[in-house]
1. Looking for something under 30 Å from SER76 (Cβ atoms), touching a helix residue (DSSP H, G or I) at 6+ places or on another chain (Cβ under 6 Å) and among the charged types (D, E, K, R) - is there at least one such residue anywhere in the range 153-168?
2. Applying the selection to the range 145-174, what residues are among the hydrophobic types (A, V, I, L, M, F, W, C), surrounded by fewer than 20 Cβ atoms within 10 Å (Cβ to Cβ) and part of a loop (DSSP other than H, G, I, E, B)?
3. Name the residue that is nearest to ALA248 (Cα to Cα), counting only residues in the range 6-29 that are of a type in the set (A, V, I, L, M) and free of Cβ contacts under 8 Å to residues at least 40 places away in the same chain.
4. Are any residues in the range 203-215 crowded, with 21+ Cβ neighbours inside 10 Å and either touching a Lys or Arg at 6+ places or on another chain (Cβ under 6 Å) or closer than 18 Å to LEU145 by Cα (or both), and if so, which ones?
5. When the range 175-189 is examined, which residues are found to be surrounded by fewer than 19 Cβ atoms within 10 Å (Cβ to Cβ) and either under 22 Å from LEU256 (Cα atoms) or basic (Lys, Arg) (or both)?
6. Based on this model, can you work out whether LEU199 counts as buried (at least 24 other Cβ atoms within 10 Å of the Cβ), over 23 Å from HIS169 (Cβ atoms) and modelled with pLDDT of 90 or more?
7. For the range 197-206, which positions are out of contact with any strand residue (DSSP E or B) (no Cβ under 6 Å at 6 or more places or on another chain) and under 16 Å from LEU166 (Cβ atoms)?
Amino acid sequence: MNKVDVFSLINSRYNSFTNTEKKVADYILGNTKDAIYMSIIDLADACGVGESSVFRFCRSLDFKGYQDFKIALAHSSAMEDITPQLSNEITIEDGIDEVSTKILNSNINALNETRKLIKEEDISACIDYLTKAESIHFYGVGASLMTAMEGKIKFMRITPKTECSLDSHLQVISASLLTKKDVAIIISYSGSTKDTIDLAKTAKRKGAKVIAITRYSKSPLTTYADITLLCGAKEGPLQGGSLSAKLAQLYLLDVLYVEYFRRNYKESSKNRESTSSVVINKLL
């Protein structure tokens, strides 16, 4: 557990923390170098909370206790020094050069954090589901619908069993017809969109395997997911559909695509040759 990236873990679970736990998380994220050397009493005093609250915070991150958490924090801090996060906070005074640089940094950070959150066993299990599935349905609402469509378009080049409905009513109808032989890939940054939760609940009730692509590991969506793939993008309440969030989601879909292709190479190669040959005729 000590090799886990604590910063990515805190960010992915931040929305599920209590207000007291958020105080601890905020202090650690803002004062990492100091927190590494603090006792549990010192950290509790610095955060203005009780020692038991710090301990519960550590447990909520799946650490055995405070010392286990501190070791992981020190490791993550050392790794951060080697590959530091690039600044991406845009201010009203920034010019075009600063804005373009910070947007680039934001996208790089999102991809780097997403990579740290990938678990090999989860990707492998996803490919098992997709390989055995009779149909693969991509779901998303709002900006996430565009990402879901990207997933469908990408996979349809190598397998005929992909679907994606463009209307929220059609999506829930589609989910109601799923069976235990199908897979639903549901994309939602927050994991808290009502339509998305309804989709996941319906798909789960019908026995389909549910793969969630989301930012937060503990959200209403993930309670219905068989596997959760976390994206590392940071998106504020007024940034719905930000490019960094979409890039992180597309990166995960790309990992699934390539691994599916690799595991099902013969069939995927044949299908890609067929789909490519008909598209090539559209070019001048």
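1. Looking only at the range 153-168, we keep the residues that are under 30 Å from SER76 (Cβ atoms), and these are none.
For the range 153-168, residues under 30 Å from SER76 (Cβ atoms), touching a helix residue (DSSP H, G or I) at 6+ places or on another chain (Cβ under 6 Å) and among the charged types (D, E, K, R): absent.
2. Hits for the range 145-174 are MET156, LEU166.
3. My answer is LEU29.
4. Residues of the range 203-215 crowded, with 21+ Cβ neighbours inside 10 Å: 203, 208-215.
Within the range 203-215, ALA203, VAL210, ILE211, ALA212, ILE213, THR214, ARG215 meet the criteria.
5. Answer for the range 175-189, where residues must be surrounded by fewer than 19 Cβ atoms within 10 Å (Cβ to Cβ) and either under 22 Å from LEU256 (Cα atoms) or basic (Lys, Arg) (or both): THR179, LYS180, LYS181.
6. Criteria not met by LEU199.
7. Those that are out of contact with any strand residue (DSSP E or B) (no Cβ under 6 Å at 6 or more places or on another chain) and under 16 Å from LEU166 (Cβ atoms): none in the range 197-206.
The values are calculated or read from the model by the stated rules, or taken from the named source; none is laboratory data. Here the structure is a predicted model, which means the values were calculated and not measured. Virtual Cβ from ideal backbone geometry, glycine too; neighbours counted across all protein chains shown.
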